[in-house]
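Colleague: Please see the structure below; I have some questions.
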Amino acid sequence: MLSDFEAAELLSFLTPEARPDVKGHTTSYILGLSGNRDGCRFLRTKPDIITALFALTSDPSIAIAKDCYFTLINLSADETLHQVLLTDIKVLQVMLKKVLDPEFVFSDQICSILSNLTRHLKTCKIMFKVLQEDVGVAKLVEIFCAESFNKKAKFHHLGPLLSNLTQLPEARSFMMDKDRCVIQRLFSYTQYQASVVRRGGVVGTLRNCCFDHAHHEWLLSDDVDILPFLMLPLAGPEELTEKENDGLPVDLQYLPEDKKREEDPDIRKMLLETLLLLTATKAGRDIFEKKSVYPIMREFHKWETDVHVTAACEKLVEVLIGDEPEPGMENLLEVDIPEEVEEKLTKADAREQEELEKEQERMKQEEEEEKKKRSDTEGAEKEQEAGLIR
Amino acid sequence: MAAPQDDSDDGMDEFMEKFKTTTYKNAFSKDNWEEEFDKIPMFMKKAPEEIDSQSYPELACLQAMIHDEDAPPEEQAANLKDEGNEFFKEKNYKKAILSYTAGLNKKCGDQNINTVLLTNRAAAHFHLGNMRSALNDAAAAKKIKPDHLKALIRGAQSCIELRSFAEGVQWCDEGLKIHPTDKKLQELRATADKHKRAAERDSRKAKIKEKKLHGEKEALLAAITDRGIKLFQTSKPRHRESDGEEESSSAALSQLSLDCLSSQEATGARVFLDEQHILHWPVLFLYPEHQQTDFISAFCENDCFVNHLALMFGEELPPWDTDRKYHPQNLQLYFEDEVKDTLYQVKPETLLLKVLQHKRFFVKAGSPSFIVVVKGSPFWEQFSTGKKIRGL
């Protein structure tokens, strides 16, 4: 890595008054450094350089500002950098406010940085406080849901940002404030085709919120109605019987024959986990039965090929078709599990996980063999064809 | 009047006596005192329709004060606003609108008054069912004062009544930005959203139904053409302007063919394809001798004529058969090729499908028709003169 002397030299080139071409080369070089782990760790030891980078995000040269933003994105992606990045909160606050400017060209980059900085609990707590005080999470949700707030930015990364924030109970309280309309605005984005980042962020947010089972009744109520938006990405074009159709929520009735399911398996898994969480209370389970959730899951299970997602689906289906638990055990999230049982269950889970992974490996191997076989025969065919043409 | 200047009381007593016997001039009478009261502005319970200065001079005077052209415009506008509000309270929305409009026309510089005038006029329109006007007024109010809660609520409500649900949600969202905890706005948003989703479901349902119907039509036409059955083109192709390029040719063609399938029979019976993919045709039997017809609503293509004839003529002969000669065994069946002026004889044992597939058979108006005559009858001799007779 660079010596202290070389680092000091770099720093001198990072002042606003430095010659633009020198500045530009330096920021470009540092961006390159930040592209790998060692470079990041090196920069971690040079807080002055980082401060200089923050300052240069306001440089009149778009190229230089861009390099700085991308460097910061890389740095923020590394957890060990979070402490040093947050040493001077004021710098962060200045950057934050820029997001509110509808003309600002680097809003998306700022959103990525914010999203990275909120991933881990400790920094997340600090970030939430800063966000609430300076910009207000409500404003961020508003910007996230506004179609054309800023022509140059899409704000998709606010999705994972919100998802990260909802690790915190205070963020969840805010999202599910009954006196406001916050979480409801996110629902329609569970099917936002244009961005998997946005979709994933929204579903992650909803999943985190569903850990609070005190809010389940409100979430499942007609006024809020979270259920259809969780089911839609998992529903397909298959026709159901009339009886099953009648129970379905309005949004799931008469789906066109070209209806596609969510294509990202991780998001599918999160949706299933969210649904499973909502079955914790008896009231929730009753609503699931009334709204024909099982038939949708049944068809989904037939369609799904990923082993992990299938496992999540099966867990949900077990609850949907299983008998009601005995009195006293109705809220599955509150049941006291005796220690030995808990141990056994954890071991069983670990074993299941192992088996799933083995199965996945096996499937992958089979696929590769198939591919190899096919390419062999294709190769042979191509040779034949080529022979013919000649 | 008695002279009141003496000190004696005698005149007084006399004076007082008079009150007991004579009424004073211009007294209210027992019968009309309520009517009279209603004419006095102070005692009016509601404003009269037209303030006629002859019958209500006092009210006309008051009104002149309200409409005092010399007062500053803000004052006039405020007075008109109050007047409008009074009419509104009486549910006289038309009059209220007039007052508010007059107030707005003062073009006074006070934006608060103007906002209220617009919002109140929006409310009056709303109660009259003029949703479009209500929405326009609410929008105008919102333009002047974007945070005016009543305008925001009224705008959202109007959108919902106009079934413009997505717009309604937008109004609510705009309002909730400024008044995030307002219950009414939240409630309206939930309502608008719900209706929007129901409307989307209805449109999906309609699309699927249309597609199904279209599919059934196509299947029917395909079944007919696959069998080599020809439909007689009676009408000119209808020009469809709304169709897109690709759709128009096949859709127009199928529409045209379906038009040809429409039976002119009042029963509205039509050829259909059953679940086993068998066609059933509405068939006409013509009895030119007696100018009679029989209509079979669903003649299965795999059925033969014998069965139907037996059904119709087997047990009882029809009343129009005055000669009592239309026994099944005496009957002959033909179909006519009008173009070539030929009659083709159909043996009763033949299946309907076979006949329909004949190269000179054209289904007219969706109903295959057959001529039924009695073998060797005088009518037949006459009828068949000049026509060519052929077998199938």
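The values are calculated or read from the model by the stated rules, or taken from the named source; none is laboratory data. This structure is a prediction, so every number in the text was calculated from the model and none was measured. Neighbour counts are summed over all protein chains in view; Cβ atoms, including those assigned to glycine, are modelled from backbone coordinates with ideal geometry.
Colleague: Being of a type in the set (A, V, I, L, M) and modelled with pLDDT of 90 or more is the filter here, so list the residues in region A:1-42 that pass it.
Modeller: Step one: of region A:1-42, the residues of a type in the set (A, V, I, L, M) are A:1-2, A:7-8, A:10-11, A:14, A:18, A:22, A:30-31, A:33.
Listed by number, the residues that qualify are A:VAL22, A:ILE30, A:LEU31, A:LEU33.
Colleague: Then there's this: Every residue in region A:133-149 that is at pLDDT 90 or above and either not in a helix (DSSP H, G or I) or not small (Gly, Ala, Ser) (or both), please.
Modeller: Step one: of region A:133-149, the residues at pLDDT 90 or above are A:137-146, A:149.
Result: A:VAL137, A:LYS139, A:LEU140, A:VAL141, A:GLU142, A:ILE143, A:PHE144, A:CYS145, A:ALA146, A:PHE149.
Colleague: If you scan region A:110-144, which residues turn out to be within 14 Å of chain B (Cβ to nearest Cβ) and under 18 Å from A:GLY204 (Cβ atoms)? Step through it out loud before you land on a result.
Modeller: Taking region A:110-144 and keeping what is within 14 Å of chain B (Cβ to nearest Cβ), we get A:136-144.
Listed by number, the residues that qualify are A:VAL137, A:LEU140, A:VAL141, A:PHE144.
Colleague: Which of the helices (runs of 4 or more DSSP H) found entirely inside region A:1-74 contain at least 1 residues meeting this: in contact with a Cys (Cβ under 6 Å, 6 or more places away or on another chain)? Can you show your working first?
Modeller: Numbers: elements: A:4-13, A:20-34, A:37-44, A:47-56.
Counting at least 1 such residues, we get A:20-34, A:47-56.
Colleague: Inside region B:172-182, can you point out the residues that are more than 32 Å from the chain's Cα centre (by Cα) and either more than 8 Å from chain A (Cβ to nearest Cβ) or touching a residue at least 12 places away in the same chain (Cβ under 8 Å) (or both)?
Modeller: B:ASP173, B:GLU174, B:GLY175, B:LEU176, B:ILE178, B:HIS179, B:ASP182 - these are the residues of region B:172-182 that are more than 32 Å from the chain's Cα centre (by Cα) and either more than 8 Å from chain A (Cβ to nearest Cβ) or touching a residue at least 12 places away in the same chain (Cβ under 8 Å) (or both).
Colleague: Of all residues being among the aliphatic types (A, V, I, L, M) and part of a helix (DSSP H, G or I) in region B:352-392, which is farthest from B:ILE229 (Cα to Cα)? Just the residue, please.
Modeller: For region B:352-392, the residue satisfying everything is B:LEU352.
Here's the yes/no breakdown for (1) surrounded by 14 or more Cβ atoms within 10 Å (Cβ to Cβ); (2) more than 14 Å from chain B (Cβ to nearest Cβ):
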{"position": "A:ARG207", "(1), (2)": "yes, yes"}
{"position": "A:GLU217", "(1), (2)": "no, yes"}
{"position": "A:GLU238", "(1), (2)": "yes, no"}
{"position": "A:ASN245", "(1), (2)": "yes, no"}
{"position": "A:GLN253", "(1), (2)": "yes, no"}
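Colleague: What tally of residues in region A:93-132 results from selecting those that are at pLDDT below 90 and either outside any helix (DSSP H, G or I) or over 15 Å from A:LEU165 (Cβ atoms) (or both)?
Modeller: Looking only at that region, the number is 4.
Colleague: For B:ALA251, state whether it is over 23 Å from B:LYS354 (Cα atoms), more than 14 Å from chain A (Cβ to nearest Cβ), surrounded by fewer than 16 Cβ atoms within 10 Å (Cβ to Cβ) and modelled with pLDDT under 70. Outline the logic, then answer.
Modeller: Working: over 23 Å from B:LYS354 (Cα atoms): yes; more than 14 Å from chain A (Cβ to nearest Cβ): yes; surrounded by fewer than 16 Cβ atoms within 10 Å (Cβ to Cβ): no; modelled with pLDDT under 70: yes.
Against the criterion (over 23 Å from B:LYS354 (Cα atoms), more than 14 Å from chain A (Cβ to nearest Cβ), surrounded by fewer than 16 Cβ atoms within 10 Å (Cβ to Cβ) and modelled with pLDDT under 70), B:ALA251 does not qualify.
One line per residue, one yes/no per condition, for (1) crowded, with 20+ Cβ neighbours inside 10 Å; (2) without any contact (Cβ under 8 Å) to a residue 60 or more places away in the chain; (3) closer than 13 Å to A:LEU158 by Cβ:
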residue: A:ASP179; (1), (2), (3): no, yes, no
residue: A:SER188; (1), (2), (3): no, yes, no
residue: A:GLN193; (1), (2), (3): no, yes, no
residue: A:VAL196; (1), (2), (3): no, no, no
residue: A:ARG199; (1), (2), (3): yes, no, yes
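Colleague: What single numbered condition from (1) under 26 Å from A:ILE143 (Cβ atoms); (2) in contact with a Leu (Cβ under 9 Å, 6 or more places away or on another chain); (3) basic (Lys, Arg) fails to hold for B:ARG154?
Modeller: Checking B:ARG154 against (1) under 26 Å from A:ILE143 (Cβ atoms); (2) in contact with a Leu (Cβ under 9 Å, 6 or more places away or on another chain); (3) basic (Lys, Arg), the one that fails is (1).
Colleague: Shifting gears a bit: May I ask you to verify whether A:PRO60 is exposed (fewer than 15 other Cβ atoms within 10 Å of the Cβ) and more than 30 Å from B:GLY175 (Cα to Cα)?
Modeller: Numbers: exposed (fewer than 15 other Cβ atoms within 10 Å of the Cβ): yes; more than 30 Å from B:GLY175 (Cα to Cα): yes.
Against the criterion (exposed (fewer than 15 other Cβ atoms within 10 Å of the Cβ) and more than 30 Å from B:GLY175 (Cα to Cα)), A:PRO60 qualifies.
Colleague: Inspect region B:284-298 for any residue being in contact with a Leu (Cβ under 7 Å, 6 or more places away or on another chain) and surrounded by 18 or more Cβ atoms within 10 Å (Cβ to Cβ) and give the result as yes or no. Working first, answer last.
Modeller: First pass over region B:284-298, keeping only residues in contact with a Leu (Cβ under 7 Å, 6 or more places away or on another chain): B:293, B:295.
With surrounded by 18 or more Cβ atoms within 10 Å (Cβ to Cβ) added as a condition, the list becomes none.
Among the residues of region B:284-298, not one is in contact with a Leu (Cβ under 7 Å, 6 or more places away or on another chain) and surrounded by 18 or more Cβ atoms within 10 Å (Cβ to Cβ), which makes the answer no.
Colleague: May I ask you to list pairs of residues, at least six apart or on different chains, whose Cβ atoms are under 6 Å apart, with the first in region A:86-103 being in contact (Cβ under 8 Å) with a residue 24 or more places away in the chain and the second being of a type outside the set (A, V, I, L, M, F, W, C)?
Modeller: Every condition considered, the pairs that remain are A:GLN93/A:ASP134; A:LEU96/A:ASP134; A:VAL99/A:SER107; A:PRO102/A:ASN150.
Colleague: Please state which of the following conditions B:GLU75 fails to meet, knowing it meets all the rest: (1) in a helix (DSSP H, G or I); (2) modelled with pLDDT of 90 or more.
Modeller: Evaluating B:GLU75 over (1) in a helix (DSSP H, G or I); (2) modelled with pLDDT of 90 or more leaves (2) as the failure.
Colleague: Output yes when any residue across region B:191-205 is within 14 Å of another protein chain (Cβ to nearest Cβ) and closer than 22 Å to B:ILE97 by Cα, and no when none is. Explain how you work it out, then say what you get.
Modeller: To start, the set of residues in region B:191-205 that are within 14 Å of another protein chain (Cβ to nearest Cβ) comprises B:191-205.
Next, only the ones that are closer than 22 Å to B:ILE97 by Cα stay: none.
So far as region B:191-205 goes, no, none of its residues is within 14 Å of another protein chain (Cβ to nearest Cβ) and closer than 22 Å to B:ILE97 by Cα.
Colleague: Condition (residue is in contact with a Phe, Trp or Tyr (Cβ under 8 Å, 6 or more places away or on another chain), closer than 23 Å to A:LYS98 by Cβ and surrounded by 19 or more Cβ atoms within 10 Å (Cβ to Cβ)) applied to region A:41-52: is it met by at least one residue? I'd like the intermediate steps shown before the answer.
Modeller: Here is the first cut: in region A:41-52, the residues in contact with a Phe, Trp or Tyr (Cβ under 8 Å, 6 or more places away or on another chain) are none.
No: zero hits.
Colleague: Yes or no: region B:121-133 includes at least one residue that is buried (at least 20 other Cβ atoms within 10 Å of the Cβ), of a type outside the set (S, T, N, Q), within 25 Å of A:CYS145 (Cα to Cα) and away from every other protein chain (no Cβ under 14 Å).
Modeller: Narrowing region B:121-133 to residues buried (at least 20 other Cβ atoms within 10 Å of the Cβ): B:121-126.
Subsequent filtering for residues that are of a type outside the set (S, T, N, Q) retains B:121-126.
Add one more test, that the residue is within 25 Å of A:CYS145 (Cα to Cα), and what stays is none.
Checked region B:121-133: no residue is buried (at least 20 other Cβ atoms within 10 Å of the Cβ), of a type outside the set (S, T, N, Q), within 25 Å of A:CYS145 (Cα to Cα) and away from every other protein chain (no Cβ under 14 Å).
Colleague: Right, here's the next one. Give me the pairs, please: first residue somewhere in region A:303-320 and among the charged types (D, E, K, R), second residue anywhere and buried (at least 17 other Cβ atoms within 10 Å of the Cβ), beta-carbon distance under 7 Å, and either six or more positions apart or on two chains.
Modeller: What qualifies is A:GLU304/A:THR310; A:GLU304/A:CYS313; A:LYS315/A:LEU276.
Colleague: What are the residues in region B:89-103 that are surrounded by fewer than 17 Cβ atoms within 10 Å (Cβ to Cβ) and in a helix (DSSP H, G or I), if any?
Modeller: Filtering region B:89-103 down to residues surrounded by fewer than 17 Cβ atoms within 10 Å (Cβ to Cβ) leaves B:89-91, B:94, B:101.
Within region B:89-103, B:LYS89, B:LYS94, B:THR101 meet the criteria.
Colleague: Quick test for you: out of A:PRO160, A:PRO169, pick the one residue that is of a type outside the set (Val, Ile, Thr), surrounded by fewer than 22 Cβ atoms within 10 Å (Cβ to Cβ), closer than 20 Å to A:GLY136 by Cβ and at pLDDT 95 or above. So that I can check it myself, show each step before the final result.
Modeller: Details: A:PRO160 fails: surrounded by fewer than 22 Cβ atoms within 10 Å (Cβ to Cβ).
Answer to the selection: A:PRO169.
Colleague: Can you say whether A:GLU273 is part of a helix (DSSP H, G or I), away from chain B (no Cβ under 14 Å) and under 26 Å from the mean Cα position of the chain (by Cα), as far as the supplied structure shows? Break it down into steps so the answer makes sense when it comes.
Modeller: Details: part of a helix (DSSP H, G or I): yes; away from chain B (no Cβ under 14 Å): yes; under 26 Å from the mean Cα position of the chain (by Cα): yes.
Judged against the criteria, A:GLU273 is a match.
Colleague: Something else now. If you check A:GLU304 against the conditions, is it closer than 22 Å to A:GLU359 by Cβ and under 26 Å from the mean Cα position of the chain (by Cα)?
Modeller: On the way: closer than 22 Å to A:GLU359 by Cβ: yes; under 26 Å from the mean Cα position of the chain (by Cα): yes.
Answer is yes for this residue.
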